[in-house]
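Note sheet for the following structure.
The values are calculated or read from the model by the stated rules, or taken from the named source; none is laboratory data. In this text, all values refer to a predicted model and were calculated from it rather than measured experimentally. Using ideal geometry, Cβ is built from the backbone for each residue, glycine included, and neighbour counts are taken over all protein chains shown.
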Amino acid sequence: MLAIYLCIGICAIIWIVNGIWIMQAVKERFTSEIYIHTGLGIFFTLLALELTVGIRGAWMHFGIFCLAVIGWILYIPSAILVFGSIIELKRKGKTETYDPSYTTTFVDTGMYSIIRQPITLGMAIWSIALILVFQSILSIILGIFVIFCCWISARKEAEYNVRKFGNEYKEYIKKVPMWNIFKGIRRSK
């Protein structure tokens, strides 16, 4: 019973925080932020559900070991993409606020010279990792929603960046693929 109350409390906090971000994004008509914070809310809800009541046997897990290992391995590139991108944006992006995604300077070096939107790609890979680690119907459904939200957010962020940075970003779009790391690595050589 304690696990259920803990889960409800954690989910409430998750959605209050993300709800504030979503309301701010709606007010500013910042579509990519609406999608990414919806995705983040679902992502952390999935984690809270699986780590509180899911591990106590509230629903069935498939438990295929090799898929779980692949999922654990996928945490590495997803963490590199998410946290590496945030560090790069903080270092080179000259942010307007404490949020590293509100940059005033166009960043196209480092990870951003290989792919566009590495944070959303990292979150999508992280969602795939969660699906493979938890292996439940709930993780599959919620994980797919997170991946969809990340993909739409990345597309909308590109539109926003074209308005923000103009022709410079249009040229960047032509050169750097959105989520295809392999094409980006091949192109950068």
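Considering each residue of the range 82-91 in turn, at least one proves to be in contact with a helix residue (DSSP H, G or I) (Cβ under 6 Å, 6 or more places away or on another chain) and among the acidic types (D, E).
Of the residues examined, I115 is one that is among the aliphatic types (A, V, I, L, M), touching a Leu at 6+ places or on another chain (Cβ under 8 Å), within 30 Å of C66 (Cα to Cα) and in a loop (DSSP other than H, G, I, E, B). For the range 137-189, a residue qualifies if it is touching a Pro at 6+ places or on another chain (Cβ under 9 Å), part of a helix (DSSP H, G or I) and not aliphatic (A, V, I, L, M), and the qualifying residues are K183, G184, R187. Given H37, H61, which one is modelled with pLDDT of 90 or more, surrounded by 13 or more Cβ atoms within 10 Å (Cβ to Cβ), out of contact with any strand residue (DSSP E or B) (no Cβ under 6 Å at 6 or more places or on another chain) and assigned to a loop (DSSP other than H, G, I, E, B)? The match here is H61.
Here is a check on your reading of the model: is L46 more than 17 Å from S153 (Cα to Cα) and buried (at least 20 other Cβ atoms within 10 Å of the Cβ)? Spell out how you get there, then give the answer.
Details: more than 17 Å from S153 (Cα to Cα): yes; buried (at least 20 other Cβ atoms within 10 Å of the Cβ): yes.
Against the criterion (more than 17 Å from S153 (Cα to Cα) and buried (at least 20 other Cβ atoms within 10 Å of the Cβ)), L46 qualifies.
Of all residue pairs spaced 6 or more apart or on separate chains, none has beta-carbon atoms under 9 Å together with a first member in the range 112-140 that is free of Cβ contacts under 8 Å to residues at least 12 places away in the same chain and on the phi < 0 side of the Ramachandran plot and a second member that is part of a helix (DSSP H, G or I) and hydroxyl-bearing (S, T, Y). The numbered conditions (1) touching a Cys at 6+ places or on another chain (Cβ under 8 Å); (2) more than 19 Å from K183 (Cβ to Cβ); (3) at pLDDT 95 or above are all true for A124 except (2). Residues that are over 14 Å from M123 (Cβ atoms), aliphatic (A, V, I, L, M) and touching a residue at least 24 places away in the same chain (Cβ under 8 Å) within the range 35-57 comprise A48, L49, V53, listed in sequence order.
When K175, K156, K164, K183 are checked against the criterion of being at pLDDT 90 or above, charged (D, E, K, R) and either in contact with a Lys or Arg (Cβ under 6 Å, 6 or more places away or on another chain) or surrounded by 12 or more Cβ atoms within 10 Å (Cβ to Cβ) (or both), K156 stands alone in meeting it.
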